[in-house]
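Each remark here refers to the structure printed beneath this line.
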């Protein structure tokens with residue numbers, strides 16, 4: 001019996017529905033999205049800043065083709081790891097994917113843990129044009145992290161407060177953006193275009209001890225699946241530490257091991273630590289999101305999580321208050 005369900009038959013409001021499944025890495029977003037897509041005849045649109053890169057599969061936790069159960073997945077494997085890919089580029093492609101799904105009578109399901117990517121689609125963020133001033137970039141790259149951070153704080157303290165330690169790339173980007181506009185980059189979060197659909201956000205979270213256990217096990221599983229060979233291949237293909245794709249957690253640490261600056265054990269432990277730190281930052285980001293229906297996945301089976309998510313969507317389809 002086909003368990004898919006045409007959600008368009010139950011639309012109670014004039015605006016179409018879009019589902020967002022958000023949360024920290026390792027909370028089960030991909031598995032839930034598959035179940036939801038099967039239930040509601042959905043198309044999955046990835047909101048992951050690393051899954052866009054071709055050939056980077058294990059460390060980005062991409063589902064294999066056979067695991068996707070015939071569900072269409074968009075915004076996966078769309079650029080080379082050597083290419084620069086911005087959130088503005090993502091937004092353009094993701095909005096096109098949403099419109100395509102709706103035009104075909106499918107439910108768009110935005111899935112991912114890259115918070116700004118999610119907001120770009122669900123909230124219609126406005127981004128500054130991507131114009132690269134290579135002379136300016138060269139000058140900024142010559143500055144230390146402290147110098148970059150001091151300059152960012154002077155022009156946009158709100159932006160500076162959100163940038164993690166050692167993230168010189170993002171500090172540089174904020175300064176570049178500030179030179180393109182007289183509007184502080186952080187104010188972009190208040191600049192958005194209304195989106196022509198209703199949005200239901202479903203958030204997955206886990207208790208901290210459970211989440212860290214899941215993440216450590218996830219790293220071990222990636223190693224068993226061949227992550228070391230994947231990083232070796234990428235380095236052999238000419239990728240370097242300067243490439244954006246190689247900044248991904250796991251890739252960066254294993255590359256340092258293969259290049260001799262860390263032992264294998266140190267690289268794996270650093271990978272796990274940075275994964276836990278990243279998940280913590282994701283939780284902080286998503287806690288600021290409004291109108292999220294949170295599901296605690298700790299001590300819950302996948303079927304229990306799916307049942308709760310289904311209830312949330314059914315209420316939205318019926319026009320009920322959540």
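The values are calculated or read from the model by the stated rules, or taken from the named source; none is laboratory data. Quick caveat: nothing in here was measured; it's all calculated off a predicted structure. Cβ: placed from backbone, ideal geometry, glycine included. Neighbour counts: every protein chain shown.
Can you name every residue in the range 282-297 that is loosely packed, with under 14 Cβ neighbours inside 10 Å and within 30 Å of residue 222 (Cα to Cα)? I'd like the intermediate steps shown before the answer.
Kept after step one, since they are loosely packed, with under 14 Cβ neighbours inside 10 Å, are these residues of the range 282-297: 284, 287-288, 290-291.
Passing the criteria: 284, 287.
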request  = Hey, can you tell me all the residues within the range 102-127 that are over 20 Å from residue 244 (Cα atoms), touching a strand residue (DSSP E or B) at 6+ places or on another chain (Cβ under 9 Å) and in a loop (DSSP other than H, G, I, E, B)?
outcome  = 104, 106, 123, 124, 126
query = Which residues, taken from the range 24-60, are over 16 Å from the mean Cα position of the chain (by Cα) and in contact (Cβ under 8 Å) with a residue 40 or more places away in the chain?
reply = 35, 36, 37, 39, 40, 41, 42, 43, 55
remark   = Given the conditions (1) modelled with pLDDT of 90 or more; (2) buried (at least 19 other Cβ atoms within 10 Å of the Cβ); (3) not in a loop (DSSP other than H, G, I, E, B), every one holds for residue 152 apart from (1)
message = Within the range 250-261, does at least one residue satisfy the condition of being more than 14 Å from residue 228 (Cα to Cα) and in contact with a strand residue (DSSP E or B) (Cβ under 7 Å, 6 or more places away or on another chain)?
response = no
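Just name the residue that is modelled with the highest pLDDT out of those in the range 130-146 that are assigned to a loop (DSSP other than H, G, I, E, B) and in contact with a helix residue (DSSP H, G or I) (Cβ under 8 Å, 6 or more places away or on another chain). Walk me through it before giving the result.
Taking the range 130-146 and keeping what is assigned to a loop (DSSP other than H, G, I, E, B), we get 130-133, 142-144.
From what is left, the residues that are in contact with a helix residue (DSSP H, G or I) (Cβ under 8 Å, 6 or more places away or on another chain) are 130-133, 143.
Numbers: 130: 58, 131: 62, 132: 67, 133: 73, 143: 90.
The residue in question is 143.
Of everything in the range 223-253, what is assigned to a helix (DSSP H, G or I) and touching a residue at least 60 places away in the same chain (Cβ under 8 Å)? Give them in sequence order. Talk me through it step by step, then tell me what you get.
So the first thing to find is which residues in the range 223-253 are assigned to a helix (DSSP H, G or I), and the list is 223-225, 227-236, 244-247, 251-253.
Within the range 223-253, 225, 227, 230, 231, 233, 234, 244, 245, 246, 247, 251 qualify.
Please pick out the residue among 116, 63 that is surrounded by 19 or more Cβ atoms within 10 Å (Cβ to Cβ), touching a residue at least 24 places away in the same chain (Cβ under 8 Å) and either closer than 30 Å to residue 227 by Cα or in contact with a helix residue (DSSP H, G or I) (Cβ under 8 Å, 6 or more places away or on another chain) (or both). It would help to see each step written out before you state the result.
Numbers: 116 fails: surrounded by 19 or more Cβ atoms within 10 Å (Cβ to Cβ).
Criteria check complete, one pass: 63.
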task = Find all pairs meeting these conditions: Cβ atoms under 6 angstrom apart; at least six residues apart or on different chains; first residue within the range 289-313 and free of Cβ contacts under 8 Å to residues at least 24 places away in the same chain; second residue surrounded by 15 or more Cβ atoms within 10 Å (Cβ to Cβ) and outside any loop (DSSP other than H, G, I, E, B).
result = 308/295
ask   = So residue 279 fits all but one of (1) in a helix (DSSP H, G or I); (2) loosely packed, with under 13 Cβ neighbours inside 10 Å; what number is the exception?
value = (2)
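Within the range 73-101, track down each residue that is part of a loop (DSSP other than H, G, I, E, B) and touching a helix residue (DSSP H, G or I) at 6+ places or on another chain (Cβ under 8 Å).
Filtering the range 73-101 down to residues part of a loop (DSSP other than H, G, I, E, B) leaves 75-78, 80-86.
75, 78, 81, 82, 84, 85 - these are the residues of the range 73-101 that are part of a loop (DSSP other than H, G, I, E, B) and touching a helix residue (DSSP H, G or I) at 6+ places or on another chain (Cβ under 8 Å).
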